[in-house]
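So the structure is just underneath, and the comments pick up after that.
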Amino acid sequence: MKFSSIVYSIKQGFKNIHRNRMFSLASIGTIATCLFLFGIFYFILANFRYTVKIEEKSVGISIFFDDGATQEQIDAIGEQIKARPEVATMEYISAEQAWEKYKQDTFANEQELVDTFQDDNPLADSASYVVYLDNVSQQPEFVEYVQHIDGVRKVNNSDKLAKGLSDFNILLGYGSAAIIILLLAVAIFLISTTITMGISVRKEEISIMKLIGATDYFVRSPFIVEGIIIGLIGAMIPLFILYLIYNQAITYIGQKFSILSNILHFLNINHVFGTLIPISLAMGVGIGLIGSIITVRKHLRV
Amino acid sequence: MRKEVEELFEEPIEPPIIVLEHVSKTYSNDVDAVKDINIKIRKGEFVFIVGSSGSGKSTLIKLLLKEIEPTSGKIYVNGKDITRLRRRNVPKFRRNLGIVFQDFRLLKDRNVFENVAFAQRVIEKPIRTIQRNVPSILSLVGLSDKQEAFPKELSGGEQQRVALARALVNNPLILLADEPTGNLDPKNSWEIMSLLDEINKRGTTVVVVTHNVEIVDAMQKRVITMNKGVMINDEQKGGYSNEI
């Protein structure tokens, strides 16, 4: 297509929107609502995942060894664990460190009681590795693997928390995907209606174009441009609004639910929008393209 | 032999530009719009197709424009069998044809210049070419001073001249005019016909579908007469047939 024809199609696309103001506004409004909700879901999902990620890293798995295991055996087990790709970090807690920690946690104000143990370490066989994984969903598989390593006596892990976090994450993903798909379908339908209106308004012009020898591509492109413009505007409006409210929203949530402030972790605005802007714009253009292509293929056959 | 025939007619015989061979068209409601039509139109000819309503005249135009397909038979335009033309090649084929309608079919929201330029724009002519061609064709149809006017500001005759300019600006091989004088008074009708004659003299093949008895009788061109989908008469330098 020639440059002048591209300019022509863009001009005609804007003209179509202007001629069909009410329907265009309805389409833009629907896409904007759809992508606004998408943005909100994305905020929740992205921040939730971020929180989960941070929490995941604090869910440690303790690995204890058989009674009488030598330091060499313990080191060998450590090497095997370290080689696993899902391991984010791990630390070794010797029996002495475990006893020191236990003393501090349990007998802090009862020095006399501690003294009765003298140099005996009641936790002599309680050396352990504490392992933190990248992703909590990998925990069952990892635990299964470690339990089968020779010399491992016991693996302590928080199954329920891991599973709970993982399940909630999936549920939220599916729920938001279902609502967004439904809204996308409505948006595509409305764009299609808008373009059908545009085609019927320009029926005469289209029939002349076809008789004069305009290609399908030339006849269709203004309507496809119209769809893309509607989609783009529909995407830019919610992005703008969401950008304005994001920081206020996280400050509000932080204040209102201060009890959760230790648990919730929020992503930085630039980080969130670095992903949300291209996704939303692509979705807007995609909705416009799909809606308009379906319509012109149906109504504009030469 | 050909030379002898040409000498006999005192003018060279051009090859046929439109050929219809045993063309029939039956619509889905079992109406036979045209039946077994055989027509040859040579390059540079001026042909009237006449007949009453429902005689199949408009179906012939639609078949030539490839708006509809024949139920049987072959249609050749400029040597090509258009019944076998692929859909994606239809736009290119139509650029060989100029078309004028009874109701002008101008774009009401565009002025005269833009209406004519539209025909060049849709076939993606460069803007410079459009700016050169449009004034020249408007001058041919006598509308140089009305370039800025909108269709509603023009008389019927002027609107038809704009439509004619739009049909001609792409320099078509064939000009198809479907009842071009149907909405015009006698004076304007004659002006349009004179223009069509002038265009024909410049080398364009002109096919005019009409009801206008006076014009057909006066112009003494080839007349093909249709009745109930059948071609009943084909006469060089003929008149409006008494049989219809």
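The values are calculated or read from the model by the stated rules, or taken from the named source; none is laboratory data. These numbers were taken from a predicted model, which means no experiment stands behind them. Using ideal geometry, Cβ is built from the backbone for each residue, glycine included, and neighbour counts are taken over all protein chains shown.
Filtering the range B:138-168 to residues that are more than 14 Å from the chain's Cα centre (by Cα) and within 14 Å of another protein chain (Cβ to nearest Cβ) leaves B:Pro151, B:Gln159, B:Val162. The residues of the range B:22-75 that are of a type in the set (D, E, K, R), free of Cβ contacts under 8 Å to residues at least 40 places away in the same chain and within 30 Å of B:Gln220 (Cβ to Cβ), listed by number, are B:Lys40, B:Lys62.
Counting only strands (runs of 3 or more DSSP E) wholly contained in the range A:41-133, no element carries 2 or more residues that are modelled with pLDDT under 75 and either acidic (Asp, Glu) or at positive phi (or both).
Residues in the range A:177-193: is at least one within 30 Å of A:Ile61 (Cβ to Cβ), under 18 Å from the mean Cα position of the chain (by Cα) and assigned to a helix (DSSP H, G or I)? Give the steps one after another, and end with the answer.
Taking the range A:177-193 first, the residues within 30 Å of A:Ile61 (Cβ to Cβ) are none.
No, the conditions are met nowhere in the range A:177-193.
The sole residue among B:Glu10, B:Glu14, B:Glu21 that is touching a strand residue (DSSP E or B) at 6+ places or on another chain (Cβ under 6 Å) and modelled with pLDDT under 85 is B:Glu14.
Would you check if there is a residue in the range B:183-199 being more than 14 Å from chain A (Cβ to nearest Cβ), of a type in the set (Gly, Ala, Ser), part of a loop (DSSP other than H, G, I, E, B) and more than 25 Å from A:Lys11 (Cα to Cα)?
No: zero hits.
From the set of residues in the range A:187-198 that are surrounded by fewer than 24 Cβ atoms within 10 Å (Cβ to Cβ) and β-branched (Val, Ile, Thr), which is farthest from A:Ala32 (Cα to Cα)? Step through it out loud before you land on a result.
At the first step, the residues of the range A:187-198 found to be surrounded by fewer than 24 Cβ atoms within 10 Å (Cβ to Cβ) are A:189-190, A:192-193, A:196-197.
Add one more test, that the residue is β-branched (Val, Ile, Thr), and what stays is A:193, A:196.
On the way: A:Thr193: 17, A:Thr196: 20 Å.
Of everything passing the filter in the range A:187-198, A:Thr196 is farthest from A:Ala32 (Cα to Cα).
Only one entry of A:Glu226, A:Glu205 meets the criterion of being in contact (Cβ under 8 Å) with a residue 60 or more places away in the chain and more than 21 Å from A:Leu276 (Cα to Cα), and that entry is A:Glu226. When you look at A:Ala32, is it part of a helix (DSSP H, G or I), more than 14 Å from every other protein chain (Cβ to nearest Cβ), surrounded by fewer than 18 Cβ atoms within 10 Å (Cβ to Cβ) and in contact (Cβ under 8 Å) with a residue 40 or more places away in the chain, yes or no? So A:Ala32 does not fit the description; no. Can A:Leu260 be described as surrounded by 13 or more Cβ atoms within 10 Å (Cβ to Cβ), at pLDDT below 90 and not acidic (Asp, Glu)? Criteria not met by A:Leu260.
Just checking, which of B:Pro151, B:Pro172 is closer than 12 Å to A:Ile212 by Cα and in contact (Cβ under 8 Å) with a residue 40 or more places away in the chain? Reasoning before the result, please.
Details: B:Pro151 fails: closer than 12 Å to A:Ile212 by Cα.
Exactly one of B:Pro151, B:Pro172 is closer than 12 Å to A:Ile212 by Cα and in contact (Cβ under 8 Å) with a residue 40 or more places away in the chain, namely B:Pro172.
Among the residues of the range A:7-18, the one identified as facing another protein chain (nearest Cβ under 10 Å) and surrounded by fewer than 15 Cβ atoms within 10 Å (Cβ to Cβ) is A:Val7.
State whether one or more residues within the range B:104-124 are touching a residue at least 60 places away in the same chain (Cβ under 8 Å) and either surrounded by fewer than 19 Cβ atoms within 10 Å (Cβ to Cβ) or among the hydroxyl-bearing types (Ser, Thr, Tyr) (or both). Within the range B:104-124, none of the residues are touching a residue at least 60 places away in the same chain (Cβ under 8 Å) and either surrounded by fewer than 19 Cβ atoms within 10 Å (Cβ to Cβ) or among the hydroxyl-bearing types (Ser, Thr, Tyr) (or both).
Within the range A:175-214, the set of residues being more than 14 Å from chain B (Cβ to nearest Cβ) and β-branched (Val, Ile, Thr) comprises A:Ile179, A:Ile180, A:Ile181, A:Val186, A:Ile188, A:Ile191, A:Thr193, A:Thr194, A:Ile195, A:Thr196, A:Ile199. Residues in the range B:76-99 that are more than 7 Å from every other protein chain (Cβ to nearest Cβ), surrounded by 21 or more Cβ atoms within 10 Å (Cβ to Cβ) and within 22 Å of B:Ala165 (Cα to Cα): B:Leu97, B:Gly98.
Is it the case, given these coordinates, that A:Ser258 is among the polar types (S, T, N, Q), within 30 Å of B:Asn115 (Cα to Cα) and over 20 Å from the mean Cα position of the chain (by Cα)? Here the answer is no, as A:Ser258 does not meet what is asked. The set of residues in the range B:104-128 being within 27 Å of B:Val77 (Cα to Cα) and more than 10 Å from chain A (Cβ to nearest Cβ) consists of B:Phe104, B:Val116, B:Ala117.
Taking B:Ile68 as the residue in question, decide whether it is in a loop (DSSP other than H, G, I, E, B), of a type in the set (A, V, I, L, M), within 14 Å of chain A (Cβ to nearest Cβ) and surrounded by fewer than 18 Cβ atoms within 10 Å (Cβ to Cβ).
Yes.
The residues of the range B:124-144 that are assigned to a loop (DSSP other than H, G, I, E, B) and either under 20 Å from B:Phe104 (Cβ atoms) or at pLDDT 90 or above (or both), listed by number, are B:Val141, B:Gly142, B:Leu143.
Here A:Leu45 meets each of (1) under 30 Å from B:Gln120 (Cα atoms); (2) of a type in the set (A, V, I, L, M); (3) surrounded by fewer than 18 Cβ atoms within 10 Å (Cβ to Cβ) with one exception, condition (1). I'm trying to understand the selection: among the residues of the range B:145-181, which are more than 15 Å from B:Gln120 (Cβ to Cβ), part of a loop (DSSP other than H, G, I, E, B) and either touching a Leu at 6+ places or on another chain (Cβ under 6 Å) or among the charged types (D, E, K, R) (or both)? Within the range B:145-181, B:Glu148, B:Glu179 meet the criteria.
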